[in-house]
Amino acid sequence: MHILVVEDDAGLARQIASALTEAGHDPIVVHDGEKALDKTKATPFDLIVLDIILPGIDGFEVLRHLRAHHLTSRVLMLTAVKDRVTGLQLGADDYLPKPFAMRELVARVTALGRRYPEEPVLKLRVGDLTLDLASHEVHRDIRNIHLSARELMLLKVLMREPGRVFTRTELCERVWEHPHEYDTKLVEVFIGRLRRKIGDPPLIHTVRHVGYTIRESS
C-alpha cells in the first residue's frame, strides 16, 4: 500500500517507515500536520499512519479535515489510550496506543489492508441498514433512526466489520474513553437500545459466551 506516515519524532518515523518498507509497503514520511494535508491534496494514499501530537495542526485536526473533504484514505491513529474514542469518532479506522511494538503496527496495517481491499466507502451497509459516516444519519430502508452519540459509536464499530464477533470488553474499550465509565453490563444495555431502535428482522446477534456481531439473519 501507498502509506503516509505523519509523526514528528524523526527517529520513530524512520523506524515505522523501515518496518513498512520491509513488509512490502511504500511509505512517505512527513513530520507535521500542514505537510500531511499538503501531501494528501497532491497524492492519494491507501492508508495514513497519523500521530496525535504534532507541531501546528494536531492529528485530530488533520483527521477532521480529511473526513470533511471526503478523503477516504484509511487512518491508523497513534494515540494515548485516553484519546482512542475521539479518534474513532472523528473517522479513524483503527488506533494503536503508544508505546507499541513495530510488529504490532505492521500487523494493524496489514489487517486494514485486508479489511478494505478497495477504496473505503463513506456509507456503511448491513442488509437494509445504512450509516452515513459523513452525516451520521442512520436509516433502516427509508425509516430514519435517531441514535444518541454513544449508540451511534457502538453501531459504527459493529458495522465497520459485519460478521466479526466483538467481545463485550472490546466494545467497551472502543466506545467509552475511561475504564471507570463502563462495565460489560452497560454494553448489554446499549445493545438492547440499538436492537429496539433498529427493529425487525434483527441484525445484531448475541454469540453466547463471547459477545455481539451484526449481520443479516440467515
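The values are calculated or read from the model by the stated rules, or taken from the named source; none is laboratory data. Keep in mind it's a predicted model, so treat the numbers as computed, not measured. No Cβ is skipped: glycine too gets one built from the backbone with ideal geometry, and neighbour counts run over all protein chains shown. To get the accessible areas, we keep the full protein, side chains included, count just its heavy atoms, and leave off ligands, DNA and RNA. Shrake-Rupley method; radii C 1.70, N 1.55, O 1.52, S 1.80 Å.
Give me the pairs: first residue in segment 184-208 and within 17 Å of ASP141 (Cβ to Cβ), second residue open to solvent by 70 Å² or more (accessible area, probe 1.4 Å), beta-carbon distance under 6 Å, and six or more apart or on different chains, which are they?
What qualifies is ILE204/ARG195.
Does segment 1-16 contain at least one residue that is surrounded by fewer than 17 Cβ atoms within 10 Å (Cβ to Cβ) and within 18 Å of THR110 (Cβ to Cβ)?
Checked segment 1-16: at least one residue is surrounded by fewer than 17 Cβ atoms within 10 Å (Cβ to Cβ) and within 18 Å of THR110 (Cβ to Cβ).
Out of the residues in segment 27-58 that are among the acidic types (Asp, Glu) and in contact with a helix residue (DSSP H, G or I) (Cβ under 7 Å, 6 or more places away or on another chain), which is surrounded by the most Cβ atoms within 10 Å (Cβ to Cβ)?
ASP51
Of ARG215, ARG193, ARG150, which residue is at pLDDT 90 or above, in contact with a helix residue (DSSP H, G or I) (Cβ under 9 Å, 6 or more places away or on another chain), among the charged types (D, E, K, R) and open to solvent by 60 Å² or more (accessible area, probe 1.4 Å)?
ARG193
Give, as residue ranges, the helices (runs of 4 or more DSSP H) completely inside segment 1-81 that count at least 1 residues that are more than 17 Å from the chain's Cα centre (by Cα).
Ranges flagged: 10-22, 33-42.
Check segment 115-129 and report whether any residue there is modelled with pLDDT under 85, part of a strand (DSSP E or B), over 26 Å from GLU22 (Cβ atoms) and open to solvent by 20 Å² or more (accessible area, probe 1.4 Å).
yes
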